[in-house]
Structures are given as C-alpha cells and as structure tokens.
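Visitor: Input: one structure, supplied below.
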Amino acid sequence: MQIKKDKVVTLTYDLRIDNAMGELVQSTTKEEPMTFIYGHGQLLPLFEQNIDGLKSTNTFDFKIPTSEAYGEFDPTAIMDLDINVFMHDGQIDTELLSPGNYVPLSDNDGNHYQARVMRVEENTVKMDFNHPLAGKDLHFQGEIIEVREATSDELGHGHVHGKHCNHH
Ligand SMILES: [Zn+2]
C-alpha cells in the first residue's frame with residue numbers, strides 16, 4: 001500500500017542539522033516509531049511531500065530548508081524578562097533558570113510558550129522565544145515501516161488509535 005491522504009503511516013527517522021553528517025537532533029527507532037495520519041497537516045508540508053507514494057521498507061533521505069521548516073532565527077524574539085516572573089513563594093527557582101533550560105511561560109491572554117534561558121542577570125533573565133530549530137536546515141533520513149488504512153474512528157478523531165491508546 002502506498003502513502004497517500006488518510007493512510008496511517010508508521011516510520012522511523014533521524015533528524016540532523018544541515019546534512020547526513022550533521023548534529024543528530026531527534027531519532028526514532030523501530031521499537032518507538034512515529035505513527036500519524038498522512039495528509040492532516042500534522043507534519044511539515046515538505047516532509048509529507050517527500051514521502052508521498054512510498055511503501056513499506058522504502059527508505060527516504062531529503063533536506064528541508066529553513067524557510068520551509070521553522071523559519072529564520074528572529075533576534076527580536078530574544079527578550080529580557082523581569083526576574084520576578086520566576087518568583088514562586090518569594091523564591092527564585094534557580095534550578096529552573098539554568099542556561100539552556102526550556103521554561104513554560106504564559107501571557108495574560110493565556111497563550112503558552114516555551115522559551116530557552118540564555119542568561120540570568122541581577123534583575124532580568126534573557127530568554128529566547130525562537131523555535132529550537134529556527135534558522136536551521138533540516139535533514140531527514142529514515143524508513144517506512146507500515147502503511148495501512150485509517151479506521152473511520154481514527155479519521156473522525158484526527159489521530160491514530162494504537163494498542164497503547166486508551167483515551168476512550
Ligand atoms: Zn481518538
């Protein structure tokens with residue numbers, strides 16, 4: 001069976017920066033593969049385009065440029081936040097504020113963000129709100145494990161029902 005809209009696809013992939021020799025960012029294995037319904041906008045459009053029509057055991061190897069992935073790095077998305085934002089019960093959580101940590105934040109409208117701690121200063125914390133893969137060209141390499149029909153339940157819910165799925 002070939003990959004097309006509404007098929008359930010199981011695959012493994014390695015995601016590296018720039019090319020096949022680049023830094024490994026994500027890796028899935030046959031024991032813990034990725035499964036999704038094809039053609040429902042859950043993945044980068046260019047990722048779906050590159051595996052269109054593939055079958056079980058086919059391999060893939062392609063690049064997604066920054067502009068088609070998570071966009072250019074935006075220097076204005078680096079902000080100094082008042083350190084009191086991180087105050088809980090009169091204490092600053094210094095462990096949370098380790099440089100490199102991703103911290104969940106929300107604004108007054110209830111929007112949620114993940115931001116990376118860059119540097120802690122006396123009264124402020126420099127935070128980077130860019131997507132971790134902003135400004136990067138992505139290289140994907142992997143294998144199609146299985147392609148099957150989606151059930152009508154899966155199409156109705158917009159997600160895959162696996163053997164580990166017990167949400168209903
Ligand atoms: Zn469901």
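Visitor: Only one of 138, 96, 133 is without any contact (Cβ under 8 Å) to a residue 60 or more places away in the chain and either more than 16 Å from the ligand (Cβ to nearest atom) or more than 24 Å from residue 41 (Cα to Cα) (or both). Can you tell me which?
Guide: Sole residue among the options that is without any contact (Cβ under 8 Å) to a residue 60 or more places away in the chain and either more than 16 Å from the ligand (Cβ to nearest atom) or more than 24 Å from residue 41 (Cα to Cα) (or both): 96.
Visitor: Mind listing whichever residues of region 119-142 are open to solvent by less than 50 Å² (accessible area, probe 1.4 Å) and of a type in the set (Asp, Glu)?
Guide: 128, 137
Visitor: Now a separate question. Determine whether residue 153 is more than 20 Å from the chain's Cα centre (by Cα), away from the ligand (no atom under 16 Å from the Cβ) and open to solvent by 70 Å² or more (accessible area, probe 1.4 Å).
Guide: No: the conditions fail for residue 153.
Visitor: In region 34-59, what residues are open to solvent by 50 Å² or more (accessible area, probe 1.4 Å) and either of a type in the set (A, V, I, L, M, F, W, C) or closer than 20 Å to residue 159 by Cβ (or both)?
Guide: Listed by number, the residues that qualify are 35, 40, 41, 42, 45.
Visitor: Let me ask you something else. Could you tell me which numbered condition residue 58 fails, if it satisfies all but one of (1) within 30 Å of residue 121 (Cα to Cα); (2) in contact (Cβ under 8 Å) with a residue 40 or more places away in the chain; (3) over 18 Å from the mean Cα position of the chain (by Cα)?
Guide: (1)
Visitor: Name the residues in region 81-118 that are under 30 Å from residue 18 (Cα atoms) and open to solvent by 50 Å² or more (accessible area, probe 1.4 Å), would you?
Guide: Answer for region 81-118, where residues must be under 30 Å from residue 18 (Cα atoms) and open to solvent by 50 Å² or more (accessible area, probe 1.4 Å): 99, 101, 102, 104, 112, 113, 114, 116, 118.
Visitor: A further question follows. Which of the residues belonging to region 123-137 are of a type outside the set (Ser, Thr, Tyr), over 13 Å from residue 77 (Cα atoms) and in contact with a helix residue (DSSP H, G or I) (Cβ under 8 Å, 6 or more places away or on another chain)?
Guide: Result: 123, 125, 136, 137.
Visitor: Ok, one more. Evaluate region 63-73: report whether one residue or more is modelled with pLDDT of 95 or more, in contact with a strand residue (DSSP E or B) (Cβ under 8 Å, 6 or more places away or on another chain), closer than 23 Å to residue 152 by Cα and surrounded by 13 or more Cβ atoms within 10 Å (Cβ to Cβ).
Guide: Scanning region 63-73 turns up no residue that is modelled with pLDDT of 95 or more, in contact with a strand residue (DSSP E or B) (Cβ under 8 Å, 6 or more places away or on another chain), closer than 23 Å to residue 152 by Cα and surrounded by 13 or more Cβ atoms within 10 Å (Cβ to Cβ).
The values are calculated or read from the model by the stated rules, or taken from the named source; none is laboratory data. Only a predicted model underlies this, so the values are computations on that prediction, with no experimental measurement involved. Positions of Cβ are generated from backbone atoms using ideal geometry, with glycine treated the same way; all protein chains shown enter the neighbour counts. Areas reflect the complete protein model, heavy atoms only, side chains present, ligands, DNA and RNA absent. Shrake-Rupley method; radii C 1.70, N 1.55, O 1.52, S 1.80 Å.
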